[in-house]
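These notes concern the structure reproduced below.
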Amino acid sequence: MPLELKVPEVGESITEVMIGTWKKREGDVVAIDDSIVEIESDKATVELPAPRAGTITKVLKGSGEKALVGEVIGYMEPAGAGAGAGSPAPASPSQSVVDVKRTEGRTDIGSVQPPRVMPAASRVLGEAGIAASGATGTGPGGRVTKSDAMAAVSKPAPAAPAPRPAAIVPAKTGGTMAAGGSREERYVLISPIRQRIAERLVQAQQQAALLTTFNEVDMSAVMALRSKFKDVFQERHGVKLGFMSFFVRAAVEALRAVPQVNAEYREPHIVYRDYCDIGIAVGGGKGLVVPVLRNAETMSFAGIELAINDFARRAADNKLKLDELQGGTFTISNGGVYGSMMSTPIINPPQSGILGLHAIQDRPMAVNGQVVIRPMMYLALTYDHRLVDGREAVTFLKRIKDTIEDPSRLMLEV
């Protein structure tokens, strides 16, 4: 009595997904709730769990193929199912991702009969000019169902064997031999998340008046404070004290001082917000994602560090929830973790600003008439010039700089 594995609902207004990595293959035994396959949408990646213990019997959609929400992408046989098994227990509400296909009848066990083609399947195969033997029956008693017929029609024809490449003979050019090497090209289907990222970046460039302003900040005070308290902080809160919590708190203070950067251009209005939902750009398994710290103005250093640590861990496993990736009012992107010295980040529409952090480097600085070596970081604020003027942008960055260079301001909120 096979179970149909169907594409689950993955988000509002999403009707098409891409099949990601199959974690289980045909013939693999699975336990209940084991992850079977990844389902990728333009917002997040979700996993399809096994509704029961059993065996994967058929995969209809391969990795990289598109599928509709609700479409059957594979089958599994529950553990203990067979010709002599009784009727299974009714499916629980949590098993909404699959439909139990009940057997209409059974043939005698000892008899061998040709597979029966259901009428709808016969029509699909006939229109495509495919013989019944070209479809694999997965229905009760080996019947060829409409889904089986559609799978046979959509199955690509076997590719002809590639001709053996001719031996490469280096050509003489200007008295020298041209170096031989591979000139192969690989085509990889764009994932929905990467496609969505591309669309939004182009949208930001086309619909907003983007401008970037720079400043630099001396990280000496924050580094000293972090070094002094990092051990006791980790012992008490169970997470390392990083630099990002300082910048999130500094950004909150700067957004309060310059609310235009936290606003949204929604013609014919400008929408100002009394809360700070700050997105933190992190590298995920499928590309850059921006989970959001809701009401960051109410969060402690420990709360920020714990949340960011959790986001990074789940982003690497493609387990972030859709609602965690939506609705930010401002974004912080730390390219410094990859060694970036300076960049011009692009805002995440409809937001009006994004703060770019960069690598910390020792540089000679003039301090009180003396040249000293200080750990310096470049800051970049990209903003929508329709809302934010240059004066506000400079004021915002200066507030970040002053707060980071004197972290006691964060405690006194001055």
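Using equal-weight Cα scatterers in the Debye expression, the normalised intensity of segment 196-412 in log10 at q = 0.07, 0.10, 0.15, 0.16 Å⁻¹ is -0.21, -0.43, -1.00, -1.14. Of the trypsin sites (Lys or Arg not before Pro) found in segment 1-37, those that fall in a DSSP loop while having at most 13 other beta-carbon atoms within 10 Å are 25. Put a dot 7 Å past each Cα toward the Cβ at residue 146 and residue 273; how far apart are the dots in nm? Roughly 4.5 nm, to one decimal.
Of 35, 13, 408, 41, the sequence from fewest to most neighbouring Cβ atoms within 10 angstrom is 13, 408, 35, 41. Judged by the mean number of other Cβ atoms found within 10 Å, the most tightly packed of the peptides 346-355, 64-73 leads the ranking 346-355, 64-73. Ellipsoid fit via the Cα gyration tensor, segment 261-367: semi-axes of 23, 20, 15 Å, each the root of five times an eigenvalue, largest first.
Over 20 Å, how big is the tail of the calculated P(r) for segment 1-70, in percent of all Cα pairs? Show your work: numbers first, answer last.
Numbers: 594 of 2415 pairs.
Counting every Cα pair in segment 1-70, those more than 20 Å apart make up 25 percent.
Computed as a quarter of the hull surface, the mean projected area of the alpha carbon convex hull for segment 182-301 stands at 12.8 nm². Simple spin-label estimate for residue 342 and residue 394 gives 1.7 nm between the two label positions (7 Å along the Cα-to-Cβ direction from each Cα). Please report the antiparallel percentage of the DSSP beta bridges confined to segment 225-353, to the nearest 5. Within segment 225-353, antiparallel bridges account for around 65 percent of the total. Across the cross-link table entries 230/319; 240/401; 24/66; 24/319; 228/321; 240/319, which are compared at the Cα atoms, the separations over 26 Å belong to 230/319; 228/321.
Coordinate-derived values only; no laboratory data. Model, not experiment: these values are computed from the prediction. FYI the Cβ positions are ideal-geometry reconstructions off the backbone, even for glycines, and counts take in every protein chain you see.
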